[in-house]
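See below for the structure under consideration.
The values are calculated or read from the model by the stated rules, or taken from the named source; none is laboratory data. Given the structure is predicted, the values throughout are model-derived calculations rather than measurements. All Cβ positions, glycine included, derive from the backbone under ideal geometry; neighbour counts span all protein chains shown. Side chains are part of the model used for accessible areas, which takes the heavy atoms of the whole protein and leaves out ligands, DNA and RNA. Shrake-Rupley method; radii C 1.70, N 1.55, O 1.52, S 1.80 Å.
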Amino acid sequence: MSRKVKVLLAGAAFAADLHADAYSRIRDKAEIVAIVDKNIERVKELALRYGFTGYVPYSDIDEALEKTECDVVDICLPNFLHASVAIKALEKGFHVICEKPLATKVEDAVKIIETAERMGKKVYYAEDWLGSPALNKALELIEKGGIGELKFIRARECHSGSHSPFAQTIEYCGGGAMMHLGIHPVGFVLALKNNRWESLTALTSGGLEKNLMHKGMEGEDWSAALIRFEDGTTAVLEANFVTRGGMEDYIDFYGDQGCLHVDLTFSSALRGFSIPGFDYTVEKAELTTGWSRPAVDERYNLGYVSEIAHFVDCIQKNCDAKVGLRGIDGLEAVKVIHLIYKSAREGIHIKNEALGVR
Ligand SMILES: NC(=O)c1ccc[n+]([C@@H]2O[C@H](COP(=O)([O-])OP(=O)(O)OC[C@H]3O[C@@H](n4cnc5c(N)ncnc54)[C@H](O)[C@@H]3O)[C@@H](O)[C@H]2O)c1
């Protein structure tokens, strides 16, 4: 396909803004032909922010899917809507880009993949960490032998709590911090090891009254998992909503000849001090006064820009995304998150039966 990729953007809030920014940087390759959000004002504001014109605004997802002629539906809606919207979009003959998690339940994620196969369409799973330039540079250095043989990975995404009302209940979110934030480190290490995980064990705070801070949240506000891979590499993955002061996205790689440390959020080239406060520093920063490190291009650093550019390129070539960004990778991440919850709930170490581990 040599013409521009036509996108129906589903959602017009936080995640949709991240994707809209990425599309706005590749106007020669992609165009937003429709935007849908039940809050129509958000649709108009989003389009205005990025100077999108010639798009059709919708407030009803079914009407948008019915009336829009596009190549791909980009799903930036709350987690519980991902599966139903993805399946409808695929059945209409559109490709799908889907924000994390692919679905709240494993069986729904399986249905998405089955529908895509039946319809001969692609599912692109938007795990932004795989688009992160710093993480990709780290992987390149590891690939070239810079830290010897990779032995151990420690990765986490943590902040003080989601802005979204849909993150508060299991029904809408699918879980707590591990589902909402931990899916990034989980998806990233699974991609690195081609989904060949062997066993895992986990602990979580447990939700509601058992939580460390968020007593009204059904899902857990603290969680950690240990994963061993088939090649012997181990990983410690963490996600929590008890981290004040801004979002921490930290990834450490340890090899037998060296190590690499990646800080996606607080490693800006800028460092400053402000008495009135800067207008913005980093995601979920609660204060911008005093000393801080304002991000230079946060969306680029976190991978959204490259991830969307990769998907547009794949759609033009009608090919799958790279490992970690395919629908089946989204399915594996949801499976692993639910096994992390099972391990924590039942106090058991879980082996990957799909690998034949007993
Ligand atoms: N990759 C990332 O780093 C990242 C960051 C934030 C959010 N996300 C994901 O993106 C998705 C959206 O998150 P968000 O933070 O933008 O959520 P949000 O709650 O801020 O916004 C959701 C939007 O969907 C709209 N909506 C809800 N139900 C609808 C319906 N039935 N029809 C049409 N519109 C409807 C709401 O009006 C709202 O504008 C979630 O799945 C979340 O996990 C990913």
- Which one of the conditions (1) hydrophobic (A, V, I, L, M, F, W, C); (2) surrounded by 19 or more Cβ atoms within 10 Å (Cβ to Cβ); (3) within 9 Å of the ligand (Cβ to nearest atom) does Phe14 fail to meet, given that it meets all the rest? (2)
- Query: Taking only pairs six or more apart or across chains, which ones have beta-carbon atoms under 8 Å, a first residue in region 10-23 that is in the same structural domain as Lys88 (by TED's automatic domain parsing), and a second residue that is of a type in the set (Ser, Thr, Tyr) and near the ligand (Cβ under 6 Å from one of its atoms)?
  - Reply: Ala13/Ser164; Phe14/Ser164
- Taking region 1-26 and keeping residues under 21 Å from Leu302 (Cβ atoms) and assigned to a loop (DSSP other than H, G, I, E, B) leaves Gly11, Ala12, Ala13, Arg25, Ile26
- Residue within region 138-150 that is open to solvent by 10 Å² or more (accessible area, probe 1.4 Å) and under 21 Å from the mean Cα position of the chain (by Cα) present: yes
- When you look at Ser199, is it part of a strand (DSSP E or B) and small (Gly, Ala, Ser), yes or no? yes
- Task: Please go through region 120-138 and pick out each residue that is assigned to a helix (DSSP H, G or I), more than 16 Å from Leu181 (Cα to Cα) and within 16 Å of the ligand (Cβ to nearest atom).
- Result: Gly131, Pro133, Ala134, Leu135
- Query: Phe52: aromatic (Phe, Trp, Tyr) and within 11 Å of the ligand (Cβ to nearest atom), yes or no?
  - Reply: no
- Item | Some residue of region 27-38 being open to solvent by less than 10 Å² (accessible area, probe 1.4 Å), out of contact with any Asp or Glu (no Cβ under 6 Å at 6 or more places or on another chain) and part of a helix (DSSP H, G or I) | no
- Check region 198-207 and report whether any residue there is within 16 Å of the ligand (Cβ to nearest atom) and open to solvent by less than 20 Å² (accessible area, probe 1.4 Å). no
- Message: Name the single residue that is farthest from Asn79 (Cα to Cα) among those in region 98-140 being acidic (Asp, Glu) and free of Cβ contacts under 8 Å to residues at least 12 places away in the same chain.
- Response: Glu140
- Message: Pairs needed: first member in region 186-208, among the acidic types (Asp, Glu); second member anywhere, open to solvent by 20 Å² or more (accessible area, probe 1.4 Å); C-beta distance under 8 Å; at least 6 residues apart or different chains.
- Response: Glu198/Arg228; Glu198/Glu230; Glu198/Lys351; Glu198/Leu355; Glu198/Val357
- Evaluate the following for Tyr23: is it open to solvent by 40 Å² or more (accessible area, probe 1.4 Å) and in contact with a strand residue (DSSP E or B) (Cβ under 6 Å, 6 or more places away or on another chain)? no
- Message: Looking at Leu46, Leu90, Leu102, Leu65, can you tell me which residue is open to solvent by less than 10 Å² (accessible area, probe 1.4 Å) and either part of a loop (DSSP other than H, G, I, E, B) or modelled with pLDDT under 95 (or both)?
- Response: Leu102
- Item | All positions within region 68-87 that are crowded, with 22+ Cβ neighbours inside 10 Å and not in a loop (DSSP other than H, G, I, E, B) | Val72, Val73, Asp74, Ile75, Asn79, His82, Ala83, Val85, Ala86
- Of the residues in region 69-91 that are over 18 Å from Phe311 (Cβ atoms) and more than 10 Å from the ligand (Cβ to nearest atom), the one that is nearest to the chain's Cα centre (by Cα) is Ala83
